[in-house]
Every structure is written in structure tokens, then in C-alpha cells.
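Okay, so here's the structure we're looking at.
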Amino acid sequence: MLPLSSYSTFFVQADPSTEFKNDVAITEFDEDDKERYIRKVFHKIRNARKEKRTIDVAMSIYVYSAYNFNLNGYTLKRVILQMKIYSYSDIDVSSYKDVDAYNPIIGLSSTGIQFDDKLTLYFDNEDDKQTVINYINGNDSDDFIPAFSHFDEKMIDIEIAQRQNNPGLINQSSTPLCGSAIVGNLIAKHYKTDFKYLVKDLFFYAEAFFGTTNYLIKPRNSITGQNYHINPNDGFYPSGMPQSDYVLLTSIKNSENKVFSYDGLGGVGGIALPSDITSLLLKMLKSKEVIDITSFLGTGLDEMQLLSDMDTDYSGGYECIMLIDSNLLSDDFTESGLRPNHWINYRGGLSIDTINSKITFKLFTWGQGDGKQYTVKQAVFEKHFYGYIKAKIV
Amino acid sequence: MKTMKIMLFIISILITSALSLAVYFIFIVILSMYAKYTNPHPEHGVMPLGALVYAVIPTIPISIFLLLKIYKWLLKKYE
């Protein structure tokens, strides 16, 4: 497995998600061909109309066209997908209006439908147009293949509902994706509806614009293959990892990584630096007052004072994300080979037993629920605690 | 001659930087594999964050060695 991304176009551009937010460019190249992308947009429109939500589109140019386009077995002679410049986001597809176009140079006329004055679909004839209208109205059956084609949509729906009720179920399993798990946990806790749309969009399209921030999560291509090519039934899939968690966590990580993919050698691609966490908190979740109080080497930290400060912050409405050596959780004084190596989410319930030098607190990690109680020796805590990041999520 | 030596030293630094980066990445991969396979609870994944720090330690002497070797080689070649 080679960890380097083969997606060379990514390196010559600035962060594409930033570009989207600033409205200065459309997108990076899509790994899909245009036909697949148009098919995705058809499905997006149909799905959004059912769920009464807006859509965002990520096209590399403003116009995509395809000939002899197959839609559920019906062949559309020609379809043109046209986006209005700088209007890729929050497209209201609940209603549409009929539009016509005529190209005097080639002498071709087209008929079409337009959504929110931003997104237009053109066709050669009325039959094609009516077929698409029937499709987006949800009247026809659908042979759309989701990006995560080997995954079970019903299972994902069940898991999403479970996580909306209990965000602590998000489980990184044996993967090194604790940083993404923390972010997923916060999304499921604070943005329940957006969490559902995020996971479902990633499942269907392998790209999703998150919530009100429209932050783009789009897993990058890599030599090892896209994260959505995996089959949950084969040997490479992390054993016991819930499908919705795989979709969400790997997509976030592979979207954020610049060089390594998450499944890179030895889990290098799973490394989440404090700056990665704070970046997602600021850009994706639009958190306020994000402060990073971590130390790689654990030097210069007064762990017990920090713990007290963290508990005060948590009581004051902050989310506190702790950087630890995972041996803290097994109350083991010995150090892991490479410390620190794990992110967990603090959940209050602090009590300090000064007589026996023990500390009890609640936390989220490894899908064990939102607020599993741990009791560890004070010496172990002081040795394995490397600070925390606090943020106020509004 | 002095300018030439400075130029060669700067070139040596540039070449060494590129090689050191490669060496650093190799050590990150080796250390992260070490972390992965020594995890006492493999069902609970952890990330090899420490690899980024500890990979610096073996990289430094190798980089100094490379710098000296490359500088000497360049001097010999162009003097």
C-alpha cells in the first residue's frame, strides 16, 4: 500500500473547501466523469425534494453535458447541467420553472427546467424533460448506485438514528480515526439533522456540504483506492466497525488529509494533529473560542490544574477534547510505544479522591457511550494527560 | 573560491533537505507500524501521533551525515 495521494491536481490548488466558501472558484476536478456527476445531481434533486431540503453542487466547470444519457433504462438524447456562476450552494429544488434556450450558432433549441435561478437542466425534447420531471418527483423507480455501493442503506439509516439519540455510539473500532470520531461525536450531539444529511450524502455521493457552513467533505483519491470502494464483508474492512461510522470517519479524514490517505502504512493517515482538530472545529462547526492547550511532550503542563480548569470549562458550556496516551484508559502507568496517541471527549462527572489518589471522570471514546465513567490513579493521569482543546459550539 | 564554497554549501543544504524529508517520512511509517503492532488492545484503534515527534530523533544525525557527505562530494567535484 502506497500512502501518497495520486491526486496531483490537489497540490496545485489551494484548499478546495476554502475556495468554495470564498466563492472564488468552483471546485477541484471530480473523480467522477460528467455522466456520473449529472446522475448524482438528479438523485440529489429527487432526494432533497423528498426531504424538503436544499442542495449544493460541486462541479469543476459551470456546464456539464452528456449524450445518450441513461436514466433508469430510458435514454435521454442529450442533457445539459448548467450552474449559475458562484451559486453552487443552498439551491432550493422544491419548485422549478420551465425554461427554453436557443443556440443561434449551431441552430439548436433546448427545453429545460430551472431551480432557484441557479441550476438549470436542458434537454433536446419534451419527452426527455418529462422523464426527468417524473424522476425528480419520485414517481419512477430508481437504479441509482450509491458511492458506497457495497454498503447497506437500511443499516446506515438505523445507525444514523441510533447516533442521533446517542452520539456516544460512534465507534472508530480498530482504525486510528479518533480525531474524526471526536468531530463526528460533536456533530451528532449538536447538529442532529445535519449529521443525518452529512452521512447520507457521503454514502450516496462521496461528497457532502456540511450544515450551514457548507464545509465540503470530499474524500480524496489515493493509490490504495477510494474509501468507498471497500466492501464491509471482505477482510480489509475494520472488523466490527459500524457502516455509518466508516462512511463518516474515513471520509472526514481522507477529505482533510493532504498527503496520506487514512489507510496509509501503519495508520499514518489517521494521525490527527491538534491543528487538524481546531481547523475542523473552526471551519466546519464554526465553533467559538477555540483554544488549544496541548503539549506533544507533556512538558510544562500542570495536569491537575489543567484538569480542574477543564472541568470548569466543561461546566461553562465548552466542549473539551483531551489528548492522552491510551494507557490512561486502562489505568496503566507504563507508556505506550508512541505517546500521546488518542483523542477523547471529556464529559464531566469529575471527582478526585485525595485519600486514595484516584480520579473519576466521564468521557466519550471507542463507541462506549456518551459519558462512560473511568477511574484512574492520579499518577497515571498526570503521566498520560497531554492537555486539551476547548471550544464553544453554538 | 569562498563564494563558490558558500554556493556549494547552500546546494548541499537544499539536497539534504529533500533527502531528510524522505528519511523523516520513512521513519514516521516505521514508527507508526511499530505503534500499530504493539497496541495491546488492537480492537481499540489509536493513532501514531508520537511518530511525528520521535521520527525527528533518528533523522537529525542522518541529515547531518548526508549534509557533510554531499558537501564534500560537491567540493571534490567542482574544485
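The values are calculated or read from the model by the stated rules, or taken from the named source; none is laboratory data. All values derive from a computational prediction rather than experimental measurement. No Cβ is skipped: glycine too gets one built from the backbone with ideal geometry, and neighbour counts run over all protein chains shown.
Remarks
- Selection of the range A:259-282 for residues being in contact (Cβ under 8 Å) with a residue 60 or more places away in the chain and in contact with an Asp or Glu (Cβ under 9 Å, 6 or more places away or on another chain) yields A:G269, A:G270, A:A272, A:P274, A:D276, A:I277, A:T278, A:L280, A:L281.
- Selection count, the range A:362-391, where residues are β-branched (V, I, T) and surrounded by fewer than 19 Cβ atoms within 10 Å (Cβ to Cβ): 1
- Where A:S222 falls short, out of the listed (1) closer than 26 Å to A:F260 by Cβ; (2) modelled with pLDDT of 95 or more: (2)
- Where a residue in the range A:364-378 is of a type in the set (D, E) and its partner, wherever it lies, is crowded, with 16+ Cβ neighbours inside 10 Å, with Cβ under 6 Å and at least six apart: A:D370/A:P167; A:D370/A:G168; A:D370/A:F364
- Residue in the range A:64-85 that is closer than 30 Å to A:T193 by Cα, among the aliphatic types (A, V, I, L, M) and assigned to a loop (DSSP other than H, G, I, E, B) present: yes
- Qualifying positions in the range A:311-348 - small (G, A, S) and within 27 Å of the chain's Cα centre (by Cα): A:G317, A:S326, A:G348
- Residue in the range A:313-322 that is among the aromatic types (F, W, Y), touching a Phe, Trp or Tyr at 6+ places or on another chain (Cβ under 8 Å) and within 14 Å of chain B (Cβ to nearest Cβ) present: no
- B:I13 vs. criteria within 14 Å of chain A (Cβ to nearest Cβ), of a type in the set (V, I, T), on the phi < 0 side of the Ramachandran plot and surrounded by 12 or more Cβ atoms within 10 Å (Cβ to Cβ): no
- Members of the range A:88-106 that are among the polar types (S, T, N, Q) and over 15 Å from A:R49 (Cα atoms): A:S89, A:N103
- Restricted to the range B:21-79, and to residues there that are away from chain A (no Cβ under 11 Å) and basic (K, R), the residue that is nearest to A:L297 (Cα to Cα) is B:K69.
- Only a single item in (1) in a loop (DSSP other than H, G, I, E, B); (2) in contact with a Leu (Cβ under 6 Å, 6 or more places away or on another chain) is not met by A:L249, and it is number (1).
- Whichever residue in the range A:326-344 is surrounded by fewer than 24 Cβ atoms within 10 Å (Cβ to Cβ) and not hydrophobic (A, V, I, L, M, F, W, C) and, among such residues, is farthest from the other protein chains (Cβ to nearest Cβ): A:D331
- Verdict on A:I359 being crowded, with 20+ Cβ neighbours inside 10 Å, under 25 Å from B:I28 (Cα atoms) and either of a type in the set (G, A, S) or touching a Phe, Trp or Tyr at 6+ places or on another chain (Cβ under 7 Å) (or both): no
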